[in-house]
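The values are calculated or read from the model by the stated rules, or taken from the named source; none is laboratory data. The structure presented is a predicted model; accordingly, all values stated were derived computationally and were not measured. As a convention, Cβ positions derive from the backbone with ideal geometry for all residues, glycine included, and neighbour counts pool all protein chains shown.
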Amino acid sequence: MLPPHKRSCAATIPVALAAHLAAADVFVFPSRTDTFGVVQLEALACGVPVAAFPVPGPRDVIGKNPVGVLHEDLRTACLGALQISKQACRAFALTRSWENSAREFLGHVRRALSDTFHGPRIAQQNS
């Protein structure tokens, strides 16, 4: 948390912050415990690949998508992320809109409700 006399760059100069992010070669996300992936998506939206630990949060955002490298050694992750296309990062981030997130969430809710009222869906084999 910032001291009361300090203000976040993101809140005061979003255009400048985006320009700084876009100028980076790689966005390093060094946390093992922060699971809120918005900063990773912001970097990706600026066309910057992500280097992070393979923990919840980065795994949820990056997963197996070719927009970042998750590795226990951040140096290895950074070097690998340098090989990733900035255009691919931007294109991926554009698919993560609030509308798409809401649609995905509602799909999860529908499946959960269906499982609750109709039982889990189990694949049946023809015998």
Is there a residue in region 58-69 that is surrounded by fewer than 21 Cβ atoms within 10 Å (Cβ to Cβ), on the phi > 0 side of the Ramachandran plot and not charged (D, E, K, R)? yes
Pairing a residue in region 83-95 that is within 13 Å of Val69 (Cβ to Cβ) with any residue that is of a type in the set (Phe, Trp, Tyr) and surrounded by fewer than 13 Cβ atoms within 10 Å (Cβ to Cβ), where Cβ atoms lie under 9 Å and the two sit 6 or more apart in sequence or on different chains, gives none
Review point. Does Ala19 qualify as being surrounded by 15 or more Cβ atoms within 10 Å (Cβ to Cβ), in a helix (DSSP H, G or I) and not aromatic (Phe, Trp, Tyr)?
Key: no
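In the list Ala52, Ala77, which residue meets the criterion of being within 11 Å of the chain's Cα centre (by Cα) and of a type in the set (Gly, Ala, Ser)? Quick ask: steps written out before the conclusion?
On the way: Ala77 fails: within 11 Å of the chain's Cα centre (by Cα).
Criteria check complete, one pass: Ala52.
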Of the residues in region 42-57 that are closer than 19 Å to Ala18 by Cβ and out of contact with any strand residue (DSSP E or B) (no Cβ under 9 Å at 6 or more places or on another chain), the one that is surrounded by the fewest Cβ atoms within 10 Å (Cβ to Cβ) is Ala45
Hey, does region 72-89 have a residue that's crowded, with 16+ Cβ neighbours inside 10 Å, in contact with a helix residue (DSSP H, G or I) (Cβ under 9 Å, 6 or more places away or on another chain) and aliphatic (A, V, I, L, M)? no
Filter region 27-79 for residues that are among the aromatic types (Phe, Trp, Tyr) and modelled with pLDDT of 95 or more; the one that is farthest from Pro14 (Cα to Cα) is Phe53
